[in-house]
Amino acid sequence: MTENPPSGESAAPLTNDELIHPDVPPAPHHLPPVSAAPVAGDEANHRTTVHLLRHGEVYNPQGIFYGRLPGFHLSDLGQRMAERAAGFFSTRDVVLVVASPMERAQQTALPVAAAHDLEVGTDPRITEGTSVFQGLTFGVGDGSLRHPQHWWHLRNPFRPSWGEPYEQVAARMLAGAADARDKAVGHEAVLVSHQLPVWMARLKVENRRLWHDPRKRECSLASVTSITYHDDKVVSVAYTEPSRDLLPGAQKIAGA
């Protein structure tokens, strides 16, 4: 069993040489971080930050690639990650918290919203991507890649052929972010989503290609990808891992 399936929370190594392509170039590390300090004067009315928070670890002892399947909740460690995220956002100017309809996203959002006395909104546009591997274990040896009937779905990593097109994922995720930006104008919003949609949104706003090696997404459990806008223009992107010290204890299986 390996980490990171092609669409979903993570993705497994692709063993066919023709399916492995150069990885997405690393993100530029000189991008200015999002400042926690308030912006003075009229400029504050033009600057809005939308934080894309990936949910915490899910209880998944069978190693199922759960995708959009219902009934997958945070593990005890995932709950700790959600509380850690709430602490990270507690001193920030958060006025809006919205989550994917998936249970794990809703659970991660609850302590963040409670820290600001807010209700959790729901936006289906920021939910997980679709995949033909949903409900299966994913990997070489003991997973679905052992069976030739699944190989056809790996024929086109650019679209990709195993699930929802990358362009579509990026478009719906950024549409949700734009709505959150407009509702929280001059302040900050938190959108609780999933690894693939968050990574697609980041690649799109950084003008990088969307096809990539899924093993190298910079989007760990309970990580925060922050997009700062001046009016409707993206001016900076920052990435933070509030639960970095908890990650070694997380499951290293498909869908984790």
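The values are calculated or read from the model by the stated rules, or taken from the named source; none is laboratory data. Just so we're clear, the structure is a prediction, and the values are computed from it rather than from any experiment. When we count neighbours, we look across all protein chains shown, and the Cβ atoms used for this are built from the backbone with ideal geometry, even at glycine. For the accessible areas, the whole protein counts, side chains as well, though only heavy atoms, and no ligand, DNA or RNA atoms are used. Shrake-Rupley method; radii C 1.70, N 1.55, O 1.52, S 1.80 Å.
Pairs please, first residue from the stretch 65-77 and closer than 11 Å to residue 134 by Cα and of a type in the set (D, E, K, R), second anywhere and part of a loop (DSSP other than H, G, I, E, B) and open to solvent by 30 Å² or more (accessible area, probe 1.4 Å), Cβ atoms under 8 Å, 6+ apart in sequence or on different chains.
From the stretch 65-77, the pairs are 68/130; 68/134.
Return the residues of the stretch 95-108 that are within 13 Å of the chain's Cα centre (by Cα) and of a type outside the set (S, T, N, Q); say none if nothing qualifies.
Result: 99, 102, 104, 105.
Pick out the one residue from 237, 190, 198 that is surrounded by fewer than 23 Cβ atoms within 10 Å (Cβ to Cβ) and either on the phi < 0 side of the Ramachandran plot or touching a residue at least 12 places away in the same chain (Cβ under 8 Å) (or both).
Checking each option against the conditions leaves just 237.
Out of all the residues in the stretch 64-105, which are more than 15 Å from residue 190 (Cα to Cα) and among the β-branched types (Val, Ile, Thr)?
64 - this is the single residue of the stretch 64-105 that is more than 15 Å from residue 190 (Cα to Cα) and among the β-branched types (Val, Ile, Thr).
Of everything in the stretch 48-87, what is surrounded by fewer than 20 Cβ atoms within 10 Å (Cβ to Cβ) and over 16 Å from residue 104 (Cβ atoms)? Give them in sequence order.
Matches in the stretch 48-87: 87 only.
Output the qualifying pairs, or none if there are none: Cβ atoms under 8 angstrom, residues six or more apart or on different chains, first residue in the stretch 98-117 and among the hydroxyl-bearing types (Ser, Thr, Tyr), second residue open to solvent by 30 Å² or more (accessible area, probe 1.4 Å).
Listed by first residue and then by second, the contacts come to 100/106; 100/122; 100/124.
Consider residue 226 carefully, then state whether it is small (Gly, Ala, Ser), touching a residue at least 40 places away in the same chain (Cβ under 8 Å) and in contact with a Leu (Cβ under 7 Å, 6 or more places away or on another chain).
Judged against the criteria, residue 226 is not a match.
Can you name every residue in the stretch 102-121 that is under 11 Å from residue 193 (Cβ atoms) and not in a helix (DSSP H, G or I)?
102
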